[in-house]
Amino acid sequence: MSSLPKFEDHDKQEVKYSTCYMCACRCGIKVTVEDKKIRYIEGNRDHPINKGVLCAKGNAGIMKQNSPAKLSTPLLRKPGTKRGEGEYEAISMEKAMDILTERLKNIRDTDPKKLAYFTGRDQMQAFTGMWATQFGTINWAAHGGFCSVNMAAGGLYTMGHAFWEFGDPDWDRTKYFMMWGVADDHASNPIKIGLEKIKRRGAKFVSVNPTRTGYQAIADEWIGITPGTDMQFALSMVHTLLKHDQFDWEFLIRYTNSAYLVVNTPGEKGDGLFLRDEDGNPLSWDMEKEAAVNANLPDINPALFYEGEVNGKPVRSAMVIFAETYLDDKYSPENSAAITGIPAETIERIALEMAHVAFKETIEIEQEWTDYAGRKHDKFIGRPVSMHAMRGISAHSNGFQACRAIHFVQILLGSVDCPGGHLAKPPYPKHIPPALKPAKHTAPNTPLKSPPLGFPTAPEDLVIDDDGKPLRIDKAFSWDAPISNHGLMHMVITNAVKGDPYPIDTLMMFMANMSWNSTMNTSEVRDMLCEQDENGEHKIPFIVVSDAYHSEIVNFADLVIPDTTYLERFDTISMLDRPISEPHSACDAMRQPILTPDRDVLPWQDVQFEIGNRLKFPVFVDKDGNRKYKDYKDFVVNWEKEPGIGLLAGWRLDEDGNEVHLRGKPNPKQWERYAENGAFMEVHFPPETRYYRHANKDYLTWAKSNGWVGSTDQIVMELYSETMQKFNLAGQGLYDGLMPTEQHHKDRLTKYFKPLPEFYTPLEQTRIDEEEYPFHAINQRPMFMYHSWDSQNAWLRQIISQNFLYMNREQGEEMGIEDKSWVWVESHNGKIRVQVKLMEGCVKNTVWTWNAIAKQSGAWGLKKDANEAKDAFLMNHLISELLPKKGDNLDNVTNSDPITGQAAWYDLRVKIYPVENGETGAYPQFPEMKKVPGMGESPDILRYNAHVNGQSVQLHRSMEDILSRGSVHDNADYKNGDDKKTSGNNGSQS
């Protein structure tokens, strides 16, 4: 075999490790730099998340770095110009910081909540949330309320961890995998790796989704479901499992609250709450003692099904209520078929297939372990059925209870945190719910007593005033959305412009494209950003935007502070935030500058750090006002949330100065250690701590020592939610505490806050004429793009630069709609003109598209007549942030899940009809965005060349050589990290 020619001059190259930011996966990357430019990006094969795999987005990070849309200087809107016109003067970073400092100082000195600070899909919420807490504003939240808070809240209020980034299927052992409503962009590389594993092993893969794209295309069985009916499907499977006695009795008794006694006094105070002893402990009926006893005691024999009287009070076990609720005929497969569009026989078969795998194909791992009560066990028993769910469930107004219903199926099968089941990822599981409560009270120059976001368990935890009115600008944690753990980003602009509940002074946004794809009702929201009062003053007086690129929101800012790219800054992926842990290892990571910025830009972390110092936040300065830390990098090393716990958990110091992981004193060499070790930390769990962590003594003890949980008490899963029942009682007027005064709030609490989920129709459907708007309309992101970041990317644009509206082929042809024809799509809120593609893999009466492909003309460094501007479209124009108007008290209520405030953008209903007179092109169109100072002209062609003057190596290989040479990754020198000795292409891109 002939030797390969030399591809690279490695003497001119430098290799650094970091963390990708092209989506939410946060994969490990190995970046080669040559002549102060990115030569190529490849996956880090040692990294726990992607294990060397890198997707199209990750590889295309080069073109994101080379994007002509990068902002290059701070900008101040020119005096006398209109907001939104994009008329700016370039200013220095120092002047920008002075302007921002003065503005924020005045707010903090007077009324801190007049600052509304909202971030997009940032990956440093531990730091941005800390900053807001120190500033003293309750008006902070991130992207979750617009994205998938239902997924997080549904799991954290049920089993202490969740789907999304809180847990994973046991890809190595599961035998039956069910995926619910997962778009192709979510957890892209980890899911691909996992699906490859289960397909290789012959495990069954079932997909539940209205469309068959991406992951769904390789499923063994695709179940096309009517959007918004997943809760009914899940509860119908619960019905089937109960009817056939296919549930894990021991798991329910030992690990859930299903044996707790519930007071049964309808119409009276306390109805539906747990019966408790004098110390507040819930009670169960002990079958041996024939008495009600403390349910938390380990050595009792509780009755799973009990109904009777205790101390003169009628009671039922939670499981009795559970069975009565779900054995009702309304959840039978036959009745559910009419709602979900899934045949009754399929519903029953899927439920019983999973039960067969769980109970007849059980996994046993011989391993001694100790439960929370000190009892020894000689094995882990696994029910090898796993699930994963995401935005298709979450983004409906019934999504919270739908998520809980899906978890019920897992719990009945005993497939939670066991071999082959769904596994928690550290620092989860947490006690239910996590103990954090949202801050309520603000005062000038005073940090909040707790973070702005938290987990209410009763009406007393709401962030409302003495009259029951919201205290937050987004109305989170009010009677409108009591359990809004991630806030309501989509309501900020609307409420601020209305001055409801009060006017604000400054809206500050980081990575939040809230005039385009990260808002509902896009056209009107854009007008709101410019709206003025009768005195000609803007209703939102001042807008600050930090973004690395010329996104649609930038030109609405009064002050623009340009961020760096992810390859130009230090950053943490923290255990205090949304870590990159794997089920059996605790992990975190960092980013480090691969390149030095060639523009007058500053990482938003550094901006916050500097402003916090100038405003004398206690976390940043000592009692004399002197800085405690040199810079953000120094802050990360030396700040401690509590002794031994900081933003990065790796390479800390024990009492003897030895380097340790997870907990220890600050280590001045911490950043260097991460850089030397692939930019991540990974601590593998001992075998005896890997399963049943909700009840595993060794794990809980370790978790407490690391600050992940507050106690070593068992984490009891909540089938029956007493939190929901407290709010339900408040709606009935039977709660012993705060209660709403407005009737529509009372009605919402009694209808939706059920201690056991009961199916209800998504809210938009109940307020429009379903015959007039017969189609469900949903959108999802492709696996090769993420939010609006990537359709500026020259490589990724070659995959797609225009989205289409996809429709069931048979239905389209019946309607006389031809493939690639133009149609009008109309909702109660507006209409758009789009191009249609017909396909088989889409259920009838449902249409869908890729999200965030469309761009405003002139945005993102693209040519004004780019496909993304002229032919692509946003579905957001059709979706209102408020419920459809019917002339009642709900007209001005958020179009969201009534429990969590999750934006209900998947509830959309539309009608579709052909255009007339040959109309083409996307509608609506907006004026071309003006380029801001520092931006050049958009190039006709943007390409990356691997070698100077196009002198690339021409290589022709025989088929024998291709098949026999093997991967460069099998090269011993490559494995040892000696890139200079590695022959071959080494992952170059040209």
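The values are calculated or read from the model by the stated rules, or taken from the named source; none is laboratory data. Because the structure is predicted, anything quoted here is derived from the model rather than measured. For neighbour counting, all protein chains shown are included, and Cβ atoms are generated from backbone atoms with ideal geometry for every residue, glycine included. We work out accessible area using only protein heavy atoms, side chains counted, and drop any ligands, DNA or RNA first. Shrake-Rupley method; radii C 1.70, N 1.55, O 1.52, S 1.80 Å.
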- request: Take segment 634-668 and flag every residue that is under 30 Å from the mean Cα position of the chain (by Cα), assigned to a strand (DSSP E or B) and without any contact (Cβ under 8 Å) to a residue 24 or more places away in the chain.
  value: Arg652
- prompt: Would you pick out the residues in segment 461-478 that are touching a Lys or Arg at 6+ places or on another chain (Cβ under 8 Å), assigned to a loop (DSSP other than H, G, I, E, B) and open to solvent by 10 Å² or more (accessible area, probe 1.4 Å)?
  reply: Leu471
- request: At least 2 residues that are touching a Ser or Thr at 6+ places or on another chain (Cβ under 8 Å) in each: list the strands (runs of 3 or more DSSP E) lying fully within segment 817-923 that qualify.
  value: 831-839, 846-850, 909-914
message: I want to confirm something. Restricting to segment 343-363 and keeping residues that are under 20 Å from Gly202 (Cβ atoms), open to solvent by 60 Å² or more (accessible area, probe 1.4 Å) and charged (D, E, K, R), which single residue is farthest from the chain's Cα centre (by Cα)?
response: Lys360
- prompt: Residues in segment 266-273: is at least one among the aliphatic types (A, V, I, L, M), in contact (Cβ under 8 Å) with a residue 60 or more places away in the chain and closer than 22 Å to Ala458 by Cα?
  reply: yes
message: Whether any residue in segment 191-200 is in contact with a Gly (Cβ under 9 Å, 6 or more places away or on another chain) and over 13 Å from Met387 (Cα atoms) is what I want to check.
response: no
field: segment 834-845 residues that are under 13 Å from Glu813 (Cα atoms), paired with ones that are of a type in the set (Val, Ile, Thr) and open to solvent by less than 10 Å² (accessible area, probe 1.4 Å) (beta carbon under 6 Å, 6 or more apart)
entry: Val836/Ile817; Val836/Val823
- prompt: Given the residues Thr761, Thr723, which is the only one that is farther than 30 Å from Phe380 by Cβ, among the β-branched types (Val, Ile, Thr) and open to solvent by less than 40 Å² (accessible area, probe 1.4 Å)?
  reply: Thr723
message: Take residues that are over 34 Å from the mean Cα position of the chain (by Cα) and tell me which of the strands (runs of 3 or more DSSP E) falling wholly in segment 72-127 contain 2 or more.
response: 88-90
- line: Residues of segment 568-592 being open to solvent by less than 20 Å² (accessible area, probe 1.4 Å), touching a Leu at 6+ places or on another chain (Cβ under 7 Å) and not in a strand (DSSP E or B), in sequence order, are Glu568, Ser574, Pro583
Unmet criterion (only one of (1) in contact with a Ser or Thr (Cβ under 9 Å, 6 or more places away or on another chain); (2) over 30 Å from His538 (Cβ atoms)) for Pro434: (1)
query: Considering segment 883-915 alone, what residues qualify as being closer than 18 Å to Glu770 by Cα and touching a strand residue (DSSP E or B) at 6+ places or on another chain (Cβ under 6 Å)?
result: Asn895, Ala904, Tyr906, Leu908, Val910, Lys911, Ile912, Tyr913
Failed criterion for Gly733 (all others in (1) over 18 Å from His584 (Cβ atoms); (2) among the small types (Gly, Ala, Ser); (3) crowded, with 24+ Cβ neighbours inside 10 Å hold): (3)
- line: Taking segment 678-720 and keeping residues in a helix (DSSP H, G or I), touching a residue at least 40 places away in the same chain (Cβ under 8 Å) and either open to solvent by 40 Å² or more (accessible area, probe 1.4 Å) or not aliphatic (A, V, I, L, M) (or both) leaves Pro687, Glu688, Thr689, Lys697, Asp698, Ser705
statement: Note on Pro384: of the conditions (1) within 21 Å of His186 (Cα to Cα); (2) touching a Ser or Thr at 6+ places or on another chain (Cβ under 6 Å), unmet is (1)
message: Being at pLDDT below 95 and of a type in the set (Gly, Ala, Ser): is that true of Ser574 here?
response: no
- prompt: All but one of (1) farther than 15 Å from Pro924 by Cβ; (2) in contact with a Leu (Cβ under 7 Å, 6 or more places away or on another chain); (3) aliphatic (A, V, I, L, M) hold for Val834; which doesn't?
  reply: (1)
query: Quick one: would you say Leu453 is within 19 Å of the chain's Cα centre (by Cα) and within 26 Å of Ala589 (Cβ to Cβ)?
result: yes
query: Can Pro169 be described as buried (at least 24 other Cβ atoms within 10 Å of the Cβ), within 18 Å of Arg391 (Cβ to Cβ) and not basic (Lys, Arg)?
result: yes
- request: From (1) open to solvent by 10 Å² or more (accessible area, probe 1.4 Å); (2) part of a helix (DSSP H, G or I); (3) modelled with pLDDT of 95 or more, pick out the condition that doesn't hold for Gly392.
  value: (3)
task: Name the single residue, out of those in segment 806-820 being open to solvent by less than 30 Å² (accessible area, probe 1.4 Å) and touching a residue at least 60 places away in the same chain (Cβ under 8 Å), that is nearest to Gly214 (Cα to Cα).
output: Met807
field: Residues (open to solvent by 10 Å² or more (accessible area, probe 1.4 Å) and within 22 Å of Ser705 (Cβ to Cβ)) located in segment 668-677
entry: Arg673
message: Return the residues of segment 516-567 that are open to solvent by 10 Å² or more (accessible area, probe 1.4 Å) and without any contact (Cβ under 8 Å) to a residue 60 or more places away in the chain; say none if nothing qualifies.
response: Glu524, Asp527, Met528, Glu531, Gln532, Asp533, Glu534, Asn535, Gly536, Glu537, Lys539, Pro541
- line: Exactly one of Lys844, Lys863 is more than 29 Å from the chain's Cα centre (by Cα) and either open to solvent by 10 Å² or more (accessible area, probe 1.4 Å) or charged (D, E, K, R) (or both), and that one is Lys863
- line: For strands (runs of 3 or more DSSP E) lying entirely in segment 238-310, having 3 or more residues that are within 28 Å of Arg383 (Cα to Cα) and hydroxyl-bearing (Ser, Thr, Tyr) picks out none
message: Anything in segment 230-256 that is among the hydroxyl-bearing types (Ser, Thr, Tyr) and open to solvent by 10 Å² or more (accessible area, probe 1.4 Å)? List them, or say none.
response: Tyr255
field: The lone exception for Pro618 - which of (1) exposed (fewer than 15 other Cβ atoms within 10 Å of the Cβ); (2) not in a loop (DSSP other than H, G, I, E, B) it fails
entry: (2)
Leading residue by the ranking (nearest to Phe804 (Cα to Cα)) among those in segment 867-911 that are acidic (Asp, Glu) and open to solvent by 10 Å² or more (accessible area, probe 1.4 Å): Asp871
- request: Give the residues of segment 489-503 that are open to solvent by 30 Å² or more (accessible area, probe 1.4 Å) and among the aliphatic types (A, V, I, L, M), sorted by residue number.
  value: none
